[in-house]
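What follows is calculated from the coordinates using simple rules that are stated; it is not laboratory data. Since this is a predicted model, take the numbers as computed values, not measurements. Cβ atoms come from the backbone with ideal geometry, glycine included; neighbour counts cover every protein chain shown.
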Amino acid sequence: MEEKKEVISKGEGKDVVRGKEFKKEVGSQLKRMVDPDKVIKGTKRGRKADEKKKHSELENKQTFSVSFRKNEKMRQKLLQILREANAKEFGNPVEFDDLVFFLLENITKKDIEKLKENSLDLKAKVMREFAKQNEKKGEEVDFWQYVASSLKIS
């Protein structure tokens, strides 16, 4: 009487919990349970490149701090304004917060336009003019053709 022994390999018989197919199936079921339309992406660990950083949107709870270490001229101007505002005999001292709130109440649309213009660097100004030129002509001109025509190079 010879007994025949069958060797059950790893994937046969029972569902192997550690098997790749089982993990894929469970993962796809979990994705469908969470949100079937949402594509779930893995997050990478470690330091992110500058262009991949997401700019945080301003929230109602966000606070601000200002550093004048790099711009000594503006720091001196701010201190001079505060000294002049505090050159009085009565009342509470004028602080930085008071100055900011006063400026926020009195800012105009022209001031905001100036801020927008001052925030543009040279590259952004060129790209803005290029977009205006394309919109004005109604045709797509190559960027380098635009630069050559601006420099009067043919």
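Answer rounded, prolate or oblate for the stretch 109-154, using the Cα gyration tensor with square roots of eigenvalues a ≥ b ≥ c: rounded when a/c is under 1.5, else prolate when a/b is larger than b/c, else oblate. Verdict is prolate for the stretch 109-154. Among GLU89, GLU95, sorting on how many other beta-carbon atoms sit within 10 Å of each Cβ, with the fewest leading, yields GLU89, GLU95. Ranking ALA131, LEU120, LEU151 by how far each Cα lies toward the positive end of the dipole of the stretch 109-154 (charges on Cβ) leaves LEU120 at the top. Net charge dipole, the stretch 65-106: roughly 380 debye, given to the nearest 20, about the Cα centre with Cβ charges of +1 for Lys and Arg and -1 for Asp and Glu. Taking a ≥ b ≥ c as the square roots of the eigenvalues of the alpha-carbon gyration tensor, the stretch 65-106 is classed oblate because a/c is 1.5 or more while a/b is no larger than b/c.
Straightening the chain between LYS70 and ASP121 buys 16.5 nm, computed as 0.36 nm per residue apart minus the Cα-Cα spacing. Listed from fewest to most Cβ neighbours within 10 Å, the set ASP98, ASP121 follows the order ASP121, ASP98.
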